[in-house]
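The values are calculated or read from the model by the stated rules, or taken from the named source; none is laboratory data. These numbers come from a predicted model, not from an experiment. When we count neighbours, we look across all protein chains shown, and the Cβ atoms used for this are built from the backbone with ideal geometry, even at glycine. Areas reflect the complete protein model, heavy atoms only, side chains present, ligands, DNA and RNA absent. Shrake-Rupley method; radii C 1.70, N 1.55, O 1.52, S 1.80 Å.
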Amino acid sequence: MKLVNKLARIQKKLERGDQIKLYPPLSADEVKNLEDKYGFILPEEYQAFVTCISNGATISSQSGNILELLPLSNMADYSTVSLPFPFEESHQWSEDANFSVDDPNDIEFYSIANKNGQLVLMDDSSQDGITWILIVTGLCAGEVWLKDGDGFLRLEGCSFLDWLGLCVDKKIMSLVEKLSYEHNKKRQLQKSKEPIGHIRTLMSTKSNRAIQWNPPIARSEVEHFEKAHGITLPKQYKLFITEIADGCRNFISPNSCDNGGTFYSLKELSHLANLDKPFCFTENSDEVKQMLTDMWGPYGIKSPIWTSKFAAIPRETSPHSVWSIPDYSVLYGVLPFAAYNDTTSFNTQACLVLNGPLKGQIWFARKHMLEPGECDSDFFNWVIQMLEDGAI
């Protein structure tokens, strides 16, 4: 569609729109003087809009709030607009293996990325603090992107007038939801296709460098462990400890004491009892979750499931030292492979189910409850979650 037609179309939308107020446009000379002074060239659609229709406006958002399309003359500093915008695709800081909030150079880059090669179009605090920016430099110049504290979402091919039309029609957030869904789906697909590669990448990130990984062990040691206990360990766990690492110290865990969580080596688990006995549950249903996480008695008093629902199961006389608390030893048929060291709050222990229909799932023993993981809560998912956001 020719620019003149797009301008005419957006002008009609604005004139018919609800609670829209247009500001006086700038002259072509004013825009040219600004560009020459700071060494940038505005995208064609935006330049035409601010000189032919309006230099800023107020618009009613999808949430009903009145938002301001900021005037071009509103910025306090234009010195960074001509500098290179650093991204060509959507970018999430949490997915950046080379980014760490503890690295001053990365914090400086974060600041640069939020200023260079862009103009702020609109701040929308009603949508979790998002900001709409117009990319001025680089391969994506002319596109509108979404920016928030988590990173940048590219609206590929969405020009200024396209974006403004979607805002007036109150359809812009539908596009954002669609693009966010596609981004997350693509990310999950990559994880599922190459979980080992994804895990290795996460292990090398700056934020995970404090974790002290053990070297992998030989398959013969795993086979010896399985034979000694009369079990077959889940495939993902075996693959991890033989190809990547046989446990670690200091993994990221909320509320942990001293040096973070502990992922035990197979040798440290060698003297556990009852690994070959059936796991006490055969389904991971909402009913089971409700029963195991309901830790309040009839009078509002905490009633730990370990002394109520598991009271009849014999405790080990001398529980293995890897159990965070002795009561957890009533869990037969699980490998208590990780302790979160959150001893002042939950005494969380991650347990890998070894048999039955739930084999391979991760369940969480806590001070007052046994919390089943999600149905897809397998070992690789636990490792990825721990490395991305911290074990929870």
**Report entry** Highest-fluctuation residue, 147, 238, 185 considered, GNM on the chain with Cα pairs under 10 Å
**Finding:** 185
Report task. Output the Kirkwood hydrodynamic radius of region 238-372, Cα pairs only, in Å rounded to one decimal. Result -> 15.6
Requested in this report: Compare 28, 48, 245 in a GNM of the chain, Cα atoms joined below 10 Å, and give the one with the largest fluctuation.
Outcome: 28
Report task. Positive end of the charge dipole of region 1-107 (Lys, Arg +1 and Asp, Glu -1 on Cβ, about the Cα centre): tell me which of 14, 79, 46 has its Cα farthest that way. Result -> 14
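Taking only the Cα atoms of region 23-119, how large is their convex hull per residue, in Å³?
Cα-based convex hull of region 23-119, divided per residue, equals 149 Å³.
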Query raised in the report: Given the pairs 13/178; 277/367; 2/171; 12/171; 13/170, which span a C-alpha to C-alpha distance of over 21 angstrom in this model?
Result: 13/178; 277/367; 2/171
**Report entry** Cα-based helix-to-principal-axis angle, 28-38 vs the chain, degrees rounded to 10
**Finding:** 50
Query raised in the report: Ordering 378, 77, 246 from largest to smallest accessible area (1.4 angstrom probe), what's the sequence?
Result: 77, 378, 246
Query - Proximal charge balance of residue 276 [Cβ under 14 Å; K/R count +1, D/E count -1] - result: +2
Query raised in the report: To the nearest 20 debye, what charge dipole does region 310-392 have about its Cα centre, counting +1 at the Cβ of each Lys and Arg and -1 at the Cβ of each Asp and Glu?
Result: 340
Report task. At 0.36 nm per residue, minus the direct Cα-Cα distance, what do residue 315 and residue 77 gain on full extension? Give it in nm, one decimal, please. Result -> 78.8 nm
Query - Ratio Rg/Rh, restricted to the chain and using Cα atoms, in which Rh is the Kirkwood radius - result: 1.12
Requested in this report: Let me know the charge dipole size of the chain about its Cα centre in debye, to the nearest 20, where only the beta-carbon of Lys, Arg (+1) and Asp, Glu (-1) is charged.
Outcome: 720
Query raised in the report: Can you work out the FRET efficiency for the pair residue 196 and residue 38, with r the C-beta to C-beta distance and R0 = 41 Å, to the nearest 0.05?
Result: 0.30
Report task. Express in Å², to the nearest 10, the accessible area of residue 320 obtained by rolling a 1.4 Å probe over the protein heavy atoms while all chains stay in place. Result -> 30
Report summary line: If each part is reduced to its alpha-carbon centroid, region 16-86 and region 103-118 end up apart, in Å, by 23
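If you roll a 1.4 Å probe over the heavy atoms of the protein chains, what accessible area per residue do you get for the chain, in Å²?
50
Report the gain in length on full extension from residue 170 to residue 96: 0.36 nm times residue separation, minus Cα-Cα distance, nm rounded to one decimal.
23.4 nm
Please report the carbon-and-sulfur percent of the accessible area for the chain; probe 1.4 Å, protein heavy atoms only, DNA, RNA and ligands left out.
Carbon and sulfur: 51 percent of the exposed surface of the chain.
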Query raised in the report: Ignoring ligands and nucleic acids, what accessible area does residue 270 show with a 1.4 Å probe (Å², nearest 10)?
Result: 40
Query raised in the report: Which value, in Å² rounded to 10, gives the accessible area of residue 162 with a 1.4 Å probe and all protein chains present?
Result: 60
Query - Selection from 59, 132, 91, by position along the positive dipole direction of region 50-159 (Cβ) - result: 59
Requested in this report: Over region 60-124, calculate the relative contact order: mean separation of alpha carbon pairs under 8 Å at least 6 apart, over the residue count, as a percent.
Outcome: 52
Query - Net charge contributed by nearby residues that have their C-beta within less than 13 Å of residue 53 (K/R +1, D/E -1) - result: +3
Report summary line: Helix-only [θ] at 222 nm, the chain, -39500 (n - 2.57) per DSSP H run of 4+, per residue, nearest 500, equals -9500 deg cm²/dmol
Report task. Rounded to whole Å and sorted largest first, list the principal axis extents of the Cα atoms in region 203-244. Result -> 40, 16, 14
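Could you work out the relative contact order of the chain? I mean the mean sequence separation of Cα pairs under 8 Å and 6+ apart, divided by the number of residues, in percent.
11
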Report summary line: Quick calc, region 184-250, dipole around Cα centre from Cβ unit charges on Lys, Arg (+) and Asp, Glu (-), nearest 20 debye, gives 560
